[in-house]
Amino acid sequence: MKKWSIGKPSPEVSAELSRKGGLSPLCASILVSRGIDTLEKAQAFFNSNKDEEPLSDPFLIKDMPEAAEIITEAAESGELICIYGDYDCDGITATAILYSYLECFGANVTYHINMRSDGYGLCESAVRKLAEDGVKLIVTVDNGISAVEEARLVKELGMRLVITDHHRPGDTLPDAEAVVNPHRTDCTSPYKELCGCGVALKLIAAMDGGDYSAALEQFSDLAALATIADVVPLTGENREIVSRGLHYLENTENLGLTALMECAGVKKPVSSTAAAFSIVPRINASGRFGSASDAVDMLLSDDPEEAAALARKLDELNSQRKEAEAVVMKDITERIQADPSVLFNRVLVIYGEGWHHGVIGIVAARLVERFGKPVFILSDDGDEARGSARSVEGFSVFEALSHCSDILTKFGGHSGAGGFSLPKERVSDFDRALQEYAGSEFEHMPVYSINADKLILPDELTPESVQSLAVLEPFGECNKQPLFLVKSARILEVVPLSKGAHTKLMLSYGNVGFSGLMFGKPAEEFPFKPGDMLDMLVFPVLNVYNGRTSVDLRIQDYRPSGVSQPKYFNAKEAYEKWKRNEGIEPALAMRVIPSRDELAIIYRIIAKAGGIYGDVLFSLLDENVISYCKLRIALDIFAELGFITYDIFTDYAKLIPNAPKAAIESSEIFQKLQGSLKS
């Protein structure tokens, strides 16, 4: 079960904002839930102040005037300019827009993007090769802020360097002709949260004398994709870039984008969700499984056949990415099923051989969502292990890696994610150091949490109110798609979709009927049945059929109605602490050791069903009597005695038919707990 955080917007403040701002009551309540509780804050959110330009003067970014002048002079003099980008969507699109602009400018321009195996940012071998090729000016996009040594080499080889980046700088800036980064401590530009392509877009506007017109018309479609891909906040100027970009994306003149959207089956109008889940992964796949140059060439192509061929190639690489993810996930699933003890650690550290480095970060993110803990996945890379980490709010990956820096050969990242390398023989040391760090820094480990805007009532789920939420788009980081709590909805029917790949629930919520949709959740894995009552986190969507518009609910998470979240997580923490052999106090032991009668109750439910999911089993018990901790201990005892099998990955307990009889007192687990009462 995941932790839920539900907003409670003031009805009075929401009503006032609705009246003054001309917003629907539902829309106003969402804004208030997110802290946008005055008309002035709402105007700032919508960029609706007519006295100000939506995008600030590009020359306000430190070193932007120098960068624009240097690049313009190099273009006019015919010097060979190299755009040096990164191999993800942000770097690829930034490379494409700056290359395209300079080419139209008449510049002598080329580009370079590392292979993933070369690592991130400027590298010595590439810099030397560019010097041999006659490059006179290197312009980085989406990288370079940490390239202190490489910048020195550029100067030694007689080239000039302009850095444009958005990653946070270290204590020392590279020695370059210009370092354009809004996160510089001496940069006074008003908006800091641009992605790398956003900085490149502002550079193009600066080279046009500060006028955004041409830059936005020609390149905001690519800048929008990059802004969505890099998960930067969709607030302020980013909101304007994405709004404009999605508009232009509908009728983009970029042949590569058109071909890629056709491959991905993206329909118009293009939403930020479609961009995030259909377009961006295909661009990223080129850097993960092939060469990012394929994506750049696709975006620069003026030949429809070439653009279509490259789009198909990216589509195939994305399929390979999915297959590689499935392989890694299958290996990890089998490993956890064979040895579940790893799941009781404060931090999940999983090391494997032969896993593709391009997908371990994606898999780590999925495991964070599945198990609610920070996840560090490592795979072999010659004599080293390379890793990728994803975390939950409150546990900083970067700080954790910094604590282990004496073990690591290289690391970087931020609070939510990071990458690192270390000698293979020190993986166990790394795991131990991470667990020690988590244990010393956190009495109670942070857990994965889903934030919803409010409890929504049935009469608020009308087509008109759902349609009114469109003014909040585009959705993304710091402006999530509205998510609501539906409380005590009754399941009327469970309907398999697409041969069981997806599930539709026919629901009764306050005597109003709704369809609840769960994509990627096979009906056979859905644990509940008609008649059961669920609490759900949903976002509503409009469904038009035969000229009639209705509201469907996309279900993001669900749980049995009536579960006490504080009790559940306290009990879960107690159980995991016991499984880590951190001891259990006698007072707590008295509350979590199941009695013979309680064991009999739990066993009878499992026996009657033959097999049952843990969430369903828990919903059938009185949690004031049998807590989650007590239930899990009971399942451990039954599994030890050979009464059941329990798959911790799927949370499924299955009865073993005709299992030999055994006394509960013979269980080592039961004996150990009884012993703790006497300590």
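General remarks:
- Protein heavy-atom surface of the range 320-413, 1.4 angstrom probe: 46% of the accessible area is carbon and sulfur, with nucleic acids and ligands not counted.
- Surface exposure of the range 543-638, expressed per residue as accessible area with a 1.4 Å probe, stands at 49 Å².
- Label point 7 Å beyond Cα of Val541 along Cβ direction - residues of the range 240-267 with amide nitrogen under 19 Å: 261-267
- Protein accessible area in the range 152-283, 1.4 Å probe - carbon and sulfur %: 47 percent
- Dipole check for the chain: with +1 at the C-beta of Lys and Arg, -1 at the C-beta of Asp and Glu, and the Cα centre as origin, the magnitude is about 3500 Debye.
- Axis angle, to the nearest 10 degrees, between helix 280-289 and the longest C-alpha principal axis of the chain: 90 degrees.
- Per-residue HN-Hα couplings for the range 169-178 [Karplus 6.51, -1.76, 1.60; θ = phi - 60°; Hz; x = Gly/Pro]: x, x, 5, 10, 7, x, 7, 10, 5, 7
- Solvent-accessible area per residue for the range 46-141 (1.4 angstrom probe, square angstrom): 43 Å²
- Apportionment of accessible area to carbon and sulfur, the range 2-107, percent (1.4 Å): 48 percent
- Rg and Dmax of the range 3-44, Cα atoms only, in Å: 10.0, 35
- Shape call, the range 504-546: gyration tensor on alpha carbons, a/c limit 1.5: oblate
- Taking the empirical scaling 2.2 N^0.38 Å for compact globular proteins as reference, the range 196-239 has a Cα radius of gyration ratio of 1.09.
- Placing dummy labels 7 Å off each Cα toward the beta-carbon, the span from Phe105 to Ser319 is 4.0 nm.
- Rounded to 10°, Cα long-axis angle of helix 304-338 versus longest principal axis of the chain: 30 degrees
- Volume per residue of the convex hull around the Cα atoms, evaluated for the range 110-250, comes out as 127 Å³.
- Pairwise label distance in nanometres, Glu73 with Ile450, each label 7 Å out on the Cα-Cβ vector: 5.7 nm
- Additional length obtainable on full extension of the chain from His183 to Ala600, 0.36 nm per residue less Cα span: 144.0 nm
- Derived scalar couplings ³J(HN,Hα) [the range 644-659; Karplus, 6.51 cos²θ - 1.76 cosθ + 1.60; whole Hz; x for Gly, Pro]: 9, 10, 10, 8, 5, 6, 9, 6, 10, 9, 10, 5, 8, x, 6, 5
- Each peptide in 547-558, 380-391, 597-608 was scored by the mean count of other Cβ atoms within 10 Å over its residues; highest first, the order is 380-391, 547-558, 597-608.
- For the range 10-49, the list of GluC sites (Glu not before Pro) that fall in a loop by DSSP and count at most 11 other C-beta atoms within 10 angstrom is empty.
- The GluC sites (Glu not before Pro) of the range 206-277 that meet both conditions, a loop assignment by DSSP and at most 16 other Cβ atoms within 10 Å of the site Cβ, are Glu250, Glu253.
- Toward the positive end of the charge dipole of the chain, with +1 on the Cβ of Lys and Arg and -1 on the Cβ of Asp and Glu, the farthest Cα among Pro586, Asn284, Leu483 is that of Pro586.
- Cα gyration tensor, the range 387-490 - rounded (a/c under 1.5), prolate or oblate: prolate
- Top positive-direction residue, dipole computed over the chain with Cβ charges, set Met261, Ala223, Ala94: Met261
- Per-q log10 I(q)/I(0), the range 108-185, q = 0.14, 0.19 Å⁻¹ (Debye; single scatterer per alpha-carbon; no solvent): -0.41, -0.75
- Average accessible area per residue (Å²) across the range 172-246 - probe 1.4 Å, nucleic acids and ligands excluded: 29 Å²
- Using a cutoff of 8 angstrom between alpha carbon atoms and counting only pairs six or more residues apart, the relative contact order for the range 40-116 works out to 28 percent.
- Listed residue (Gly170, Ala308, Leu631) projecting farthest to the positive dipole end of the chain, Cβ model: Leu631
- Distance in nm between pseudo-label sites at Glu132 and Asp302 (7 Å out along the Cβ direction from Cα): 3.1 nm
- Sparsely packed loop sites in the range 409-483 (the chymotrypsin sites (Phe, Trp or Tyr not before Pro) outside DSSP H, G, I, E and B with at most 14 other Cβ atoms within 10 Å) comprise Phe442.
- From the coordinates shown, P(r) over Cα pairs in 20 Å bins from 0, in percent corresponds to which of (1) 18, 53, 26, 2, 0; (2) 16, 46, 31, 7, 0; (3) 10, 25, 34, 23, 6, 1, 0: (2)
- Mean separation of Cα contacts under 8 Å (6+ apart) over length of the chain, as relative contact order %: 10 percent
- Relative contact order [Cα under 8 Å, 6+ residues apart], the range 259-335, whole percent: 34 percent
- Here the sum of -39500 (n - 2.57) over DSSP H runs of 4 or more residues, divided by the residues of the chain, equals -13000 deg cm²/dmol at 222 nm, to the nearest 500.
- Electrostatic dipole magnitude of the range 298-437 [Cβ: Lys, Arg +1; Asp, Glu -1; Cα centre; debye, to 20]: 540 debye
- Cα gyration tensor category, rounded, prolate or oblate, for the range 76-144 with a/c compared to 1.5: oblate
- Computed from Cα positions, the angle between helix 255-264 and the longest principal axis of the chain comes to roughly 10 degrees.
- For the range 555-612, the spread of Cα positions along the three principal axes, ordered from largest to smallest, is 35, 33, 20 Å.
- For the range 382-424, size of Cβ-based charge dipole, Lys and Arg +1, Asp and Glu -1, in debye: 140 debye
The values are calculated or read from the model by the stated rules, or taken from the named source; none is laboratory data. Owing to the predicted nature of the structure, the values given are computational and were not obtained by experimental measurement. Reconstructed Cβ throughout: ideal geometry from the backbone, glycine too, with neighbour counts over all protein chains shown. Heads up: the accessible areas ignore ligands, DNA and RNA and are worked out on the full protein's heavy atoms, side chains in. Shrake-Rupley method; radii C 1.70, N 1.55, O 1.52, S 1.80 Å.
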